[in-house]
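So the structure is just underneath, and the comments pick up after that.
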Amino acid sequence: MLLIRCPYCEAERPEVEFAYAGEAHIARPADPSVLSDDEWRDFLFIRTNPRGRHFERWRHMHGCGRFFNAVRDTVTDKFSMTYKAGAPRPSDEEIALASSAADSAASVKDARP
Amino acid sequence: MSNFRIAGKGRVNRSRQLRFTFDGVDYNGFEGDTLASALLANGVHLVGRSFKYHRPRGILTAGSEEPNALVGSNRGNGRFEPNTRATVLEVFEGLKTESQNRWPSLTRDIGAVNDALYMLFSAGFYYKTFMWPKSFWDKVYEPVIRNAAGLGKAPTAPDPDTYASRFAHCDVLVVGGGAAGLAAALEAGRSGASVILCDEQSELGGSLLSEPSAEINGQLAWDWLEDTNAALAAMPNVTVLPRTTAIGYYHQNFVGLCQRLTDHLRIVPDGAPRERMWKVRAKQVVLAQGAIEKPLVFAGNDRPGVMLAGAARTYLNRYGVKVGNRVVAVTSHDSAWHAAFDLAKAGVEVAAIVDVRGTVPTQLVAAADALRIRTLIGWTVTGTKGRLRVSSVRVNPVGAGGKVGGAETIACDALLMSGGWTPSIHLFSHTQGSLTWNEDGQMFLPGRGKEECRLAGAGKGRFSLKAAFEDGAAAGAAAAADAGSGAGFGAEPASYHVEGELSFTGVTGRELPTDLDPGHAKAFVDFQNDVMAKDIRLAVREGFKSIEHIKRYTTNGMATDQGKTSNINGLAVASDALKRPIPAVGLTTFRPPYTPTSFGTFAGYNKGALFEVTRKTPIDGWAEENGAVFEPVSLWRRAWYFPQVGEDMHAAVARECKAVRSSLGIFDASTLGKIEIVGPDAAEFMNRMYTNAWTKLAPGRCRYGLLLGEDGFIRDDGVIGRLAQDRFHVTTTTGGAARVLGMMEDYIQTEWPDLKVWLTSTTEQWSVIALQGPNARKLIEPFVEGIDLSEGAFPHMAVATGKICGVPTRLFRVSFTGELGFEINVPARYGRAVWEKLFEAGQRFGITPYGTETMHVLRAEKGYIIVGQDTDGTLTPDDAGLSWAVGKTKPDFVGKRSLSRPDMLAANRKQLVGLLTSDPKTVLEEGAQIVLDPNQPVPMDMVGHVTSSYWSAELGRSIAFAVIQGGRSLQGKTVHVPMPDKVHSATIAGMVFVDPENKRLSA
Ligand SMILES: [Zn+2]
């Protein structure tokens, strides 16, 4: 079970408190009526589905109830960082910084170096 | 009865003799025995038949990795478990056990004919043999295979046991209580860290339990063990969990432990759970799981009496049991030599040690000579004999260039084998930790990890005792330091001095060389799934190159033991056949659980009444006292109907319907989802969410609201009252409440954060009493204060706040029945009192409580849909005949853009229509398919299905709704509904069957 940091509660909580909510940074068009059928289709259904870094939405369902965004690796499931809804997509540098803090101790340890 | 106990050996309690049965025969054992050790002590090796070929099988190992010795265990009082490993089952007085997969008896088994037919069952036999003719599968192959192949019988009675679960947090979790794990726990414990130490066996010690003559820091192993147990017990920060298997290692150091609490007890204390699932979140983990010995692959290596050398040594040293009277050891590793030496010293005749290696350490040969044991260095084993127990072994010298010389036969009643040891890296592998191939040791070792985790001892390929102790101590100390505990302990980890260390060299690869046709050699790799070396070679010849594919094609490693003894051997054979090095062939992924785990442990407390919550309304108790039959609706239990004496459901519902239409019915609608929407932008928010227009809805009025997904399909509906300019009382379907609130929150939080509007779930704040029928107003008028109930002041679809029976109410003039009706919302705590008051006063109108079934019938008679029953997530408002509820002039609402996509405008979309059967007595099955031409060839063209279907007492006939392609344009046309008894015909009609002019709403 993953531990997920809620950026509103500013605390790590177990995965069972959260609900996944799809890919992040897909804003609803301000005026859908001006979109072509293909553009609307893309908004509705087309997702990146990457192997690796994924920007995605979660909701602290059984906590504060807030939706927020996360950067997670779909291969390792590891969260690099979470951030508030509405915040811009973090840069590579920000993600690297956040994940190195989380990663620093996570290599296998030889007890007798 | 033969006795294979050796006086003065072992840890079993000789003063506590126990009786148990195996296949109905009484045997004696001692406290501390496993079923395997106790059977071996009685000279019993044959304990089961193999899965596919029904070959006689014995006990291969002395641990949880056992692939062969699976038995049914009966612990009394309905406590039966199939496939229990005899090597971990602790014997107690009165235990009953039985062999599996044999008929009529273990020694005479009809299914053994499969062994002669083995060519049929070669690699991929599932795919090849049973493909055709197609009709044979259900009638012939499948039942025969089910009968002939298989493991134990599943129990037929419900599991009488309870299971517990708990969460735990600790600084350091140590998995494995052998030399490395004990040293780690000691070190972490002394630092002050909170420590959990778990071990799957009944007592701590691991290999030390089989190693009594080793000396640790000047103490004999078992004395050291006793002191260590005491030291750990004395540390309040250390929790020791024996009989506890770490079954899975998940993200962020979350480890599942299965603790077995009562399986070893003769009498289970009342209420004691059988097992407990620990869900441990550890800051640091130390894996000290040890290593598992590999079998050698040669013809006849599966015969009862052939077992791993290390296991034989454990049975001797730990249980005081000799596995035979005349043994032969065959090996490519030193460890079998030590087993043979221990047996010889205990007085067992060791006929020979056969070592397939060209050279072995000289001190081993010298020791063998001193014990007068014949040694055959550079020899191979090419076969065994003995129907139900090994009686001889066929051995051959291997000359220069690998040429196998003439055979010699050596009589024996037990054959020990060792192909080296495989570090248990399963849990590490669960974490997606990488593995590296160690060519010298022919083993995978842990590489880069993904978790806060260390490995120690044999589990990481450090096999000597001293290395295991020191590795464990260092890991424990470092783990405690990294966990941030251990205020100032900081000392160097303890060092260990070990005397009596055993040599530990040797490896094996592919199957042993033979002078016989290897194509006919029954040389087993996977004992539990009956996979032979030649099966793997066949798979390679047939083009399989990836170990993942070879595994699935041959089923190697796919049994309940997950290939603990077979994966590496299978890989070695595949690698040899493919002429590619092992790392290039790959290793299949280990998956949790580490060992088979009962469903009960996973279920824990979540069974029976606790499986999921049952939500009850404040009026539920009244319904129960008044004889309601209940039905589940999402998590709620709702009164379904209220049968009177002698009534079945049909009669009760007909009576309830009649009462509502003719006078007065009362219905508990409290489960309706309710959301309070408040704020200056509340109307704007409603406009954006719902299809309808809300701006002009006056306070004090209600409107039917329709909610779509962004894809344009109906998600929910409900009556929505506007209580004030900035306040809406939204109702949702019973099952949709949480989903609708979540969807609204999503839009408010992430799409329109600028809107000033707040949402609150009020479902459980209100009790809702629906009063429906021509006498509804007459009943409530005397009880209502502050609301003018006259038709002009309070018409259909009005809402007002006031008082009823002296308590505050939000009174809705609404109807889901087509009759004059009210839905009385009162604070939940008053629900039952108001209900009882109205019920009492309603007696003069013959007030009739009704349930959800009557509610369904009445609404269907009026053409009102139920979202989720008449819609299925693919219906648009137009499909459902609800275009009138769509505010077409609104610039936007959720789902609006999708309604003009080409697919949504197609003429042949399925549309909701009414359906009247030609025979008015026929009530169609909900879900029944609809065709236009009943005489067309199958498969027929199905144009829709029935969504709702009832008997209407009001009309004296059946009514139904259906979705049918282009249904509205087919009004009056006949369609056909094939049902099990016959094909019924029906006419497409409108959806309103009763009072289409809505006169009754305002009666
Ligand atoms: Zn939160």
Of the conditions (1) surrounded by fewer than 18 Cβ atoms within 10 Å (Cβ to Cβ); (2) more than 14 Å from chain A (Cβ to nearest Cβ), B:Thr817 clears all except one; give me its number. (1)
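In the range A:35-58, which residues are of a type in the set (S, T, N, Q) and within 12 Å of chain B (Cβ to nearest Cβ)? Lay out the reasoning, then the answer.
Looking only at the range A:35-58, we keep the residues that are of a type in the set (S, T, N, Q), and these are A:36, A:48-49.
Selection gives A:Ser36 alone.
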List the residue pairs whose Cβ atoms are under 6 Å apart, where the first residue sits in the range A:1-12 and is small (Gly, Ala, Ser), the second is within 9 Å of the ligand (Cβ to nearest atom), and the two are 6 or more positions apart or on different chains. none
For the range B:1-26, give me the residue count where each residue is closer than 19 Å to B:Leu316 by Cα and among the hydroxyl-bearing types (Ser, Thr, Tyr). 2
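Name the strands (runs of 3 or more DSSP E) wholly within the range B:403-465 that hold at least 1 residues that are outside the structural domain of B:Met307 (by TED's automatic domain parsing) and farther than 28 Å from B:Trp379 by Cα?
In the range B:403-465, the matching strands (runs of 3 or more DSSP E) lie at B:435-438, B:443-446, B:453-455.
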Tally time: how many residues in the range A:30-48 are surrounded by 15 or more Cβ atoms within 10 Å (Cβ to Cβ) and either within 16 Å of the ligand (Cβ to nearest atom) or not hydrophobic (A, V, I, L, M, F, W, C) (or both)? 1
Search the range B:793-820 for residues that are outside the structural domain of B:Glu997 (by TED's automatic domain parsing) and pair each with any residue that is at pLDDT below 95 and among the small types (Gly, Ala, Ser) when their beta-carbon atoms are under 6 Å apart and the residues are at least 6 apart or on different chains. B:His796/B:Ser1002; B:Leu820/B:Ala1003
Output the helices (runs of 4 or more DSSP H) that fall wholly within the range B:581-658 and possess 2 or more residues being within 30 Å of B:Glu200 (Cα to Cα), or say none. B:599-603
Which residues, counting only those in the range B:717-774, are within 14 Å of another protein chain (Cβ to nearest Cβ) and basic (Lys, Arg)? B:Arg739
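Quick one: which residue in B:Gly712, B:Gly718, B:Gly742, B:Gly735 is in a loop (DSSP other than H, G, I, E, B) and closer than 20 Å to B:Ser634 by Cβ?
Working: B:Gly712 fails: closer than 20 Å to B:Ser634 by Cβ; B:Gly718 fails: in a loop (DSSP other than H, G, I, E, B); B:Gly742 fails: in a loop (DSSP other than H, G, I, E, B).
None of the other options fit; the residue is B:Gly735.
Check every one of the helices (runs of 4 or more DSSP H) wholly within the range B:260-378 and list those with 1 or more residues that are crowded, with 24+ Cβ neighbours inside 10 Å and among the basic types (Lys, Arg).
In the range B:260-378, B:309-317 are the helices (runs of 4 or more DSSP H) which contain 1 or more residues that are crowded, with 24+ Cβ neighbours inside 10 Å and among the basic types (Lys, Arg).
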Of the residues in the range B:911-927, those that are surrounded by fewer than 20 Cβ atoms within 10 Å (Cβ to Cβ) and under 40 Å from the mean Cα position of the chain (by Cα) come to B:Val923, B:Glu925, B:Glu926, B:Gly927
Spans of helices (runs of 4 or more DSSP H) in the range B:831-905 with at least 1 residues of a type in the set (Lys, Arg) and over 30 Å from B:His945 (Cα atoms): B:831-841
When every residue in the range A:24-34 that is aliphatic (A, V, I, L, M) and more than 8 Å from chain B (Cβ to nearest Cβ) is compared, the one nearest to the chain's Cα centre (by Cα) is A:Ala24
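Could you check the range B:480-496 and list, in sequence order, the residues that are within 20 Å of B:Thr228 (Cβ to Cβ) and either more than 9 Å from chain A (Cβ to nearest Cβ) or modelled with pLDDT of 95 or more (or both)? Walk me through it before giving the result.
Step one: filter the range B:480-496 for residues within 20 Å of B:Thr228 (Cβ to Cβ), giving B:480, B:486, B:489, B:491-496.
Once the filter is applied, which keeps residues that are within 20 Å of B:Thr228 (Cβ to Cβ) and either more than 9 Å from chain A (Cβ to nearest Cβ) or modelled with pLDDT of 95 or more (or both), the range B:480-496 yields B:Ala480, B:Gly486, B:Phe489, B:Ala491, B:Glu492, B:Ala494, B:Ser495, B:Tyr496.
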Return the total of residues in the range B:56-74 being assigned to a loop (DSSP other than H, G, I, E, B) and either of a type outside the set (D, E, K, R) or within 11 Å of B:Ser99 (Cβ to Cβ) (or both). 10
Can you tell me which residue within the range B:416-458, out of those that are within 14 Å of another protein chain (Cβ to nearest Cβ) and closer than 30 Å to B:Pro513 by Cα, is surrounded by the most Cβ atoms within 10 Å (Cβ to Cβ)? B:Ala458
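Table: residues versus (1) under 30 Å from B:Gly449 (Cα atoms); (2) free of Cβ contacts under 8 Å to residues at least 24 places away in the same chain; (3) touching a Phe, Trp or Tyr at 6+ places or on another chain (Cβ under 7 Å).
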site: B:Lys283; (1), (2), (3): yes, no, no
site: B:Leu308; (1), (2), (3): no, no, no
site: B:Tyr315; (1), (2), (3): no, no, no
site: B:Asn325; (1), (2), (3): no, no, no
site: B:Val354; (1), (2), (3): no, no, yes
site: B:Leu388; (1), (2), (3): no, no, no
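With respect to B:Gly944, is the statement that it is surrounded by fewer than 18 Cβ atoms within 10 Å (Cβ to Cβ) and either of a type in the set (Ser, Thr, Tyr) or closer than 23 Å to B:Tyr864 by Cβ (or both) true? Spell out how you get there, then give the answer.
Values: surrounded by fewer than 18 Cβ atoms within 10 Å (Cβ to Cβ): no; either of a type in the set (Ser, Thr, Tyr) or closer than 23 Å to B:Tyr864 by Cβ (or both): yes.
Criteria not met by B:Gly944.
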Take B:Ser207 and tell me if it is touching a residue at least 60 places away in the same chain (Cβ under 8 Å), more than 24 Å from the chain's Cα centre (by Cα) and either within 24 Å of B:Gly76 (Cα to Cα) or within 14 Å of another protein chain (Cβ to nearest Cβ) (or both). no
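Would you call B:Glu470 within 11 Å of chain A (Cβ to nearest Cβ), over 12 Å from B:Ala288 (Cβ atoms), modelled with pLDDT of 90 or more and part of a loop (DSSP other than H, G, I, E, B)? It would help to see each step written out before you state the result.
On the way: within 11 Å of chain A (Cβ to nearest Cβ): yes; over 12 Å from B:Ala288 (Cβ atoms): yes; modelled with pLDDT of 90 or more: yes; part of a loop (DSSP other than H, G, I, E, B): no.
Answer is no for this residue.
Output the residue which, of all residues in the range A:58-82 that are basic (Lys, Arg) and farther than 24 Å from A:Ser100 by Cβ, is farthest from the ligand (Cβ to nearest atom).
Of the range A:58-82, the ones basic (Lys, Arg) are A:59, A:66, A:72, A:78.
Subsequent filtering for residues that are farther than 24 Å from A:Ser100 by Cβ retains A:59, A:66.
Numbers: A:Arg59: 9, A:Arg66: 5 Å.
Step by step, filter the range A:58-82, then rank; the result is A:Arg59.
Here is a check on your reading of the model: is B:Lys696 closer than 30 Å to B:Glu836 by Cα and either part of a strand (DSSP E or B) or without any contact (Cβ under 8 Å) to a residue 40 or more places away in the chain (or both)? So that I can check it myself, show each step before the final result.
Working: closer than 30 Å to B:Glu836 by Cα: no; either part of a strand (DSSP E or B) or without any contact (Cβ under 8 Å) to a residue 40 or more places away in the chain (or both): yes.
Taking the combined requirement at face value, the residue does not satisfy it.
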Does any residue of the range A:3-23 turn out to be away from the ligand (no atom under 15 Å from the Cβ), more than 9 Å from chain B (Cβ to nearest Cβ) and farther than 19 Å from B:Met744 by Cβ? yes
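The values are calculated or read from the model by the stated rules, or taken from the named source; none is laboratory data. Please read these numbers as outputs of a predicted model, since none were measured by experiment. In this analysis, Cβ positions are derived from the backbone assuming ideal geometry, glycine residues included, and neighbour counts consider all displayed protein chains.
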